[in-house]
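Trainee: Next up is a structure, given as structure tokens.
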Amino acid sequence: MSSARAKKRPFKTIPQIPRIELFAPGHGLCAGCTAGTIVRHLLKAAGPNTILVEATGCVEVSTTLYPYTSWRIPWLHLAFENAAAGASGVEAAIKVLKRKGVIDKDKPINIVVLAGDGGTYDIGFQSLSGMLERGHKVMYVLYDNEAYMNTGIQRSGSTPKYAWTTTTPAGKKWPGNLRNKKPIAEIVASHRIPYVATTNPAYPLDMLNKFKRGLEVEGPSFIHVLQPCPTGWRFDPRYGIKIARLATETGMWINWELDHGEFDVTVPVRKRKPVREYLRMQGRFKHLTEEQIQEIQRLVDEEVERINKMVGREVIGPVEA
């Protein structure tokens, strides 16, 4: 790792993770939901001088059961479609208040959007794209559970091919979702913003460092976090982190970052595991035929080859025999 890249990673060991707890216990997230892990670490990285704008979704409805809240920071709830627009307004208002001397102009205030895949890939994409285009200093965090879990496990633009959802049921006549997962992080990167990254909670230091880096850069940043969902993915709640790790170990999910045009894979995988090890732990894939599993393996192999070419070296190795 270059010295410049090392400077971007303040967290190198688990004991360095801040002890501050800004995400209160007692929320209503499902047992084993990894969204709680993601949000807890996000707030550790961001600290108390943070305003969080949240789209409607699982985390929103589970953490603000009136009259209680799990948020120990200023928090604003907006609809599925306009969280990024609302955060743009918050950022603009803070600029005005600093210019008028109402807020100390040297006081750093983090503005973070938190939204799921439905509020990002689909309903909220227009306002997200506008925020990126205008260059607001906002970090957008997408927790991706690959369906509309809050409203009944319906397919979203994030749902993987052949996955079961309530709107893409799998049976004798229908093999599950027929469309490929939309490459949202690359679509965001095409806006030429300073920082885009993917991560998952099985690698907490990687995740924390990306949150920190996203908050540091001037202009918008986007962090795409895989969020295994025991309810919608149909797995035992104790296996959320194991499944998140398998996603990276199999190449189904690659942890990378694009920092001011410099692309790198931050969690190299010397030898990949077969995708079936990831798929077989989830009930949403239990209907898959051997042919469909091999098709998914082929798609992953092609994506790994493409990423390795982008990096300029083999950072994700071949599948184990």
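Trainee: Take LYS105 and tell me if it is more than 11 Å from GLU54 (Cβ to Cβ), in a loop (DSSP other than H, G, I, E, B), modelled with pLDDT under 95 and in contact with a helix residue (DSSP H, G or I) (Cβ under 7 Å, 6 or more places away or on another chain).
Mentor: It is true that LYS105 is more than 11 Å from GLU54 (Cβ to Cβ), in a loop (DSSP other than H, G, I, E, B), modelled with pLDDT under 95 and in contact with a helix residue (DSSP H, G or I) (Cβ under 7 Å, 6 or more places away or on another chain).
Each row is one residue, and each column tells you yes or no for (1) buried (at least 23 other Cβ atoms within 10 Å of the Cβ); (2) in contact with a helix residue (DSSP H, G or I) (Cβ under 6 Å, 6 or more places away or on another chain); (3) more than 17 Å from LYS309 (Cα to Cα).
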site: ARG234; (1), (2), (3): no, yes, yes
site: ARG245; (1), (2), (3): no, no, yes
site: ASP259; (1), (2), (3): no, no, yes
site: GLU262; (1), (2), (3): no, no, no
site: PRO268; (1), (2), (3): no, no, no
site: PRO274; (1), (2), (3): no, no, yes
site: PHE285; (1), (2), (3): yes, yes, yes
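Trainee: Right, here's the next one. Report whether or not GLU133 is among the charged types (D, E, K, R), closer than 25 Å to LYS210 by Cβ and buried (at least 20 other Cβ atoms within 10 Å of the Cβ).
Mentor: Answer is no for this residue.
Trainee: For the range 10-19, give me each residue that is touching a Leu at 6+ places or on another chain (Cβ under 8 Å) and in a loop (DSSP other than H, G, I, E, B).
Mentor: Answer for the range 10-19, where residues must be touching a Leu at 6+ places or on another chain (Cβ under 8 Å) and in a loop (DSSP other than H, G, I, E, B): PHE11, LYS12, THR13, ILE17.
Trainee: Among the residues of the range 26-46, what is the count of those that are touching a Lys or Arg at 6+ places or on another chain (Cβ under 7 Å) and part of a helix (DSSP H, G or I)?
Mentor: Adding up the residues that qualify gives 1.
Trainee: Please go through (1) more than 22 Å from the chain's Cα centre (by Cα); (2) loosely packed, with under 15 Cβ neighbours inside 10 Å for ARG306 and return the number of the only condition it doesn't satisfy.
Mentor: Among (1) more than 22 Å from the chain's Cα centre (by Cα); (2) loosely packed, with under 15 Cβ neighbours inside 10 Å, the lone unmet condition for ARG306 is (1).
Trainee: Among (1) out of contact with any strand residue (DSSP E or B) (no Cβ under 8 Å at 6 or more places or on another chain); (2) within 17 Å of TYR148 (Cβ to Cβ); (3) among the polar types (S, T, N, Q), where does THR120 come up short?
Mentor: Just one mismatch for THR120, condition (1).
Trainee: While we're looking at this one, here's another question. Condition first: surrounded by fewer than 21 Cβ atoms within 10 Å (Cβ to Cβ), in a helix (DSSP H, G or I) and either in contact with a helix residue (DSSP H, G or I) (Cβ under 9 Å, 6 or more places away or on another chain) or of a type in the set (Ser, Thr, Tyr) (or both). Can you find one or more residues in the range 220-230 that meet it?
Mentor: No; the residues of the range 220-230 include none that is surrounded by fewer than 21 Cβ atoms within 10 Å (Cβ to Cβ), in a helix (DSSP H, G or I) and either in contact with a helix residue (DSSP H, G or I) (Cβ under 9 Å, 6 or more places away or on another chain) or of a type in the set (Ser, Thr, Tyr) (or both).
Trainee: What are the pairs with Cβ atoms under 9 angstrom where one residue, in the range 68-93, is over 15 Å from VAL141 (Cβ atoms) and surrounded by 20 or more Cβ atoms within 10 Å (Cβ to Cβ) and the other, located anywhere, is of a type in the set (Phe, Trp, Tyr) and at pLDDT 95 or above? Sequence gap at least six, or different chains.
Mentor: Once the first residue is over 15 Å from VAL141 (Cβ atoms) and surrounded by 20 or more Cβ atoms within 10 Å (Cβ to Cβ) and sits in the range 68-93, its partners that are of a type in the set (Phe, Trp, Tyr) and at pLDDT 95 or above give SER70/PHE23.
Trainee: Sticking with this structure for a sec: Within the range 60-71, does at least one residue satisfy the condition of being farther than 17 Å from PRO230 by Cβ and in contact with a helix residue (DSSP H, G or I) (Cβ under 6 Å, 6 or more places away or on another chain)?
Mentor: yes
Trainee: Answer yes or no: is there a residue in the range 262-279 that is free of Cβ contacts under 8 Å to residues at least 24 places away in the same chain, in contact with a Phe, Trp or Tyr (Cβ under 7 Å, 6 or more places away or on another chain) and not aromatic (Phe, Trp, Tyr).
Mentor: Yes: the range 262-279 contains one or more residues that are free of Cβ contacts under 8 Å to residues at least 24 places away in the same chain, in contact with a Phe, Trp or Tyr (Cβ under 7 Å, 6 or more places away or on another chain) and not aromatic (Phe, Trp, Tyr).
Trainee: Scan the range 15-39 for residues that are within 19 Å of ILE243 (Cα to Cα) and either of a type outside the set (A, V, I, L, M, F, W, C) or buried (at least 21 other Cβ atoms within 10 Å of the Cβ) (or both) and jot them down.
Mentor: GLY32, CYS33, THR34, ALA35, GLY36, THR37, ILE38, VAL39
The values are calculated or read from the model by the stated rules, or taken from the named source; none is laboratory data. Predicted, not measured: the structure shown is a model, and the values here were computed from it. Neighbour counts run over all protein chains shown; Cβ positions are idealised from the backbone, glycine included.
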